1. Go through region 230-255 and give me each residue that's in a loop (DSSP other than H, G, I, E, B) and in contact (Cβ under 8 Å) with a residue 12 or more places away in the chain.
2. What is the one condition in (1) in the same structural domain as residue 72 (by TED's automatic domain parsing); (2) over 19 Å from residue 216 (Cβ atoms); (3) surrounded by fewer than 16 Cβ atoms within 10 Å (Cβ to Cβ) that residue 96 does not satisfy?
3. Sort out which residues of region 257-285 are assigned to a helix (DSSP H, G or I) and either within 31 Å of the chain's Cα centre (by Cα) or not assigned by TED's automatic domain parsing to the domain that holds residue 11 (or both), and write them in order of number.
4. Assuming residue 181 fulfils every condition listed in (1) at pLDDT 95 or above; (2) part of a loop (DSSP other than H, G, I, E, B); (3) buried (at least 24 other Cβ atoms within 10 Å of the Cβ) apart from one, which condition is it?
5. When region 270-282 is examined, which residues are found to be surrounded by fewer than 18 Cβ atoms within 10 Å (Cβ to Cβ) and in contact (Cβ under 8 Å) with a residue 40 or more places away in the chain?
6. Report yes if some residue within region 324-346 is under 14 Å from the mean Cα position of the chain (by Cα), assigned to a strand (DSSP E or B) and farther than 30 Å from residue 114 by Cβ; otherwise report no.
7. Residue 356 versus (1) in contact (Cβ under 8 Å) with a residue 60 or more places away in the chain; (2) assigned by TED's automatic domain parsing to the domain that holds residue 281: which is the lone unmet condition?
8. Are there any strands (runs of 3 or more DSSP E) wholly within region 120-172 with 3 or more residues that are within 24 Å of residue 69 (Cβ to Cβ), and if so which?
């Protein structure tokens, strides 16, 4: 049974409206989920550990005498790492090393050392960069087990200099994923609690007798986790509210069509709402990719999810040329953008909006998910127009540094006083004027 994947042509009338309909995704927050999350957060804020225990027993079917009993010690994390098969342990360590190396370079290149400069009158101005004290990372559990998420969230925090990283991960029915625990050991996570859901977000945001309050919460979760993160923002920082995963492929028509079909599958298999789109100027090549999709689908264990995703939200788009493909890509502002072409850089130079760019025929998006090095926590739902991948900078804050000299105060004081009187703020004006020489 072939997939009824949508086919569009940029030359057709109404193309932009049709494409917009494909892209349309309302992260409509279910009112029932929001109310439930709000109730859980309020309960955790009021009752702390007792509420966390009750919700963990109710939702994850885990019985424990205390929240402290739900903490996994560092010895257990190291044991999980030691117990992995050699090949898997090596792969996890290599991925972690590459992620760490990239973020160490990012820290250096992004001005994490701050700056200070002196003006002619002796006034000094600058910026001091300091890491957050404590960060919470949420890692999905249950059916989903994402050790890569542990690496991508914890390592940049540690590279930034965060003193304490606390990880929460649900373990329904008490089943722990050893690969996730091993990743926590490699990434340098300080404490791990086997709790999840809105109650875990509340515990991290407000603190309990056992779980300390953090300064920022990062990491993906289900709809309840997303709703809880929205509600605690302001009490703590959050990374982003992620939507369904997306891949956009720009291809010149010379890549093996099986490769492109599988790249589209790689996002479609996440869930039914994931989005996979191909832009190509070659109609015959698009037909070859469609044939590959239909031929390869039955080999996929998650073929039903892929089929629904490609049918409901996928598209194969014929464009006029590669320049137009880049123009459309900027409008889509996809989470993952592959430029599968002979000279990818010339097209990358035309891209302004993308979470991550994968250049060349051998740069499959899956490599970025696991081990290339750059972070895989990326803006979705067109938010790449104004947001960036998770990075070292997300775990740091910046303080302005102002040291005004006596001479500088004579100039700046008169300017400040004049503006303050204009705003009707006399105390501001007088504060500046008192430092003027009589």
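The values are calculated or read from the model by the stated rules, or taken from the named source; none is laboratory data. Since the model is a prediction, treat every value here as computed from it, not as a measurement. Neighbour counts are summed over all protein chains in view; Cβ atoms, including those assigned to glycine, are modelled from backbone coordinates with ideal geometry.
1. Of all residues in region 230-255, those in a loop (DSSP other than H, G, I, E, B) come to 234-235, 239-245, 252-255.
Scanning region 230-255 gives 235, 239, 240, 241, 242, 243, 244, 245, 252, 253, 254, 255.
2. Every listed condition holds for residue 96 apart from (3).
3. Residues satisfying the conditions are 257, 258, 259, 260, 261, 262, 263, 264, 265, 266, 267, 268.
4. Of (1) at pLDDT 95 or above; (2) part of a loop (DSSP other than H, G, I, E, B); (3) buried (at least 24 other Cβ atoms within 10 Å of the Cβ), only one is false for residue 181: (2).
5. Initial filter on region 270-282 (surrounded by fewer than 18 Cβ atoms within 10 Å (Cβ to Cβ)): 271-273, 282.
Those that are surrounded by fewer than 18 Cβ atoms within 10 Å (Cβ to Cβ) and in contact (Cβ under 8 Å) with a residue 40 or more places away in the chain: 272, 273.
6. Yes, region 324-346 contains at least one residue that is under 14 Å from the mean Cα position of the chain (by Cα), assigned to a strand (DSSP E or B) and farther than 30 Å from residue 114 by Cβ.
7. With (1) in contact (Cβ under 8 Å) with a residue 60 or more places away in the chain; (2) assigned by TED's automatic domain parsing to the domain that holds residue 281 applied to residue 356, the lone miss is (1).
8. Numbers: elements: 124-131, 134-138, 164-168.
Where strands (runs of 3 or more DSSP E) fall fully within region 120-172 and carry at least 3 residues being within 24 Å of residue 69 (Cβ to Cβ), they are 134-138, 164-168.
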